[in-house]
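Novice: Have a look at this one before I ask anything.
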Amino acid sequence: MADERVLDIEAKALDKILEIRAQEPDAAELALSIRIAGVQQGQFGYEMAMIRLEDAGPGDVVEHHGELPVVIPADSVANLRDARLAMSRDLLNPGLTIDNPNSPSPAVRGADAPPLDPSDPVVTRVQQVLEAQVNPAIASHGGYAELVAVEDGTVYLRLGGGCQGCGMATVTLSQGIEQALVGAIPEVASVVDVTDHASGDNPYYEAAKK
């Protein structure tokens, strides 16, 4: 676990997080985990949670902000570098907010994205795993996964059908789809969901904030 500074945390935000952590019985053993949870409406979505510091993975970055250890999973480091965690100044939406200078891959932003390269062996193998393993498994729920892009070991997927807007989509991605792709294809390090879940039949995401 490397100890380097990826994030900047505003003093007020740090005080708030420490206040929240202090309510836990094992507060002194807890760290704040921040990860990229996906992409919604062209911007990153985030997941923050308190975890035991000892549960950080061997490739995760651990940095210390005063009394607070912060864990950044290895697959989120590049996209969180130089981001700033602060208190929102929007009186209608109080709470923590992340100002991130990084943006999702250009390949997943719009209709002008470059087409998939059929000669890329990783693209071919990802599509094979989706067709042979993933889509048959989630078809029973009326869902499907579509490959959007593959860049630098990251697979970008769009979920459709019953998976769009489903509250279990994150679990399906992390415990099913990601495990299948990473397990079958050594070149794949992570999987990112770029689905606009907010427009699904059962939306559960709020619009992502920077």
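Novice: List pairs: first in segment 124-147 and over 17 Å from Asp193 (Cα atoms), second open to solvent by less than 60 Å² (accessible area, probe 1.4 Å) and not hydrophobic (A, V, I, L, M, F, W, C), Cβ under 7 Å, 6+ apart or cross-chain?
Specialist: So the pair list comes out as Ala137/Gly176; His141/Gly162; Gly142/Gly161; Gly142/Gly162.
Novice: Any chance you could count how many residues in segment 28-56 are over 19 Å from Leu85 (Cβ atoms), without any contact (Cβ under 8 Å) to a residue 60 or more places away in the chain and outside any strand (DSSP E or B)?
Specialist: 4
The values are calculated or read from the model by the stated rules, or taken from the named source; none is laboratory data. Quick caveat: nothing in here was measured; it's all calculated off a predicted structure. Every residue, glycine as well, gets a Cβ built from its backbone with ideal geometry; the counts of neighbours run over all protein chains shown. Quick note on the areas: whole protein, heavy atoms, side chains included, nothing else; ligands and nucleic acids left out. Shrake-Rupley method; radii C 1.70, N 1.55, O 1.52, S 1.80 Å.
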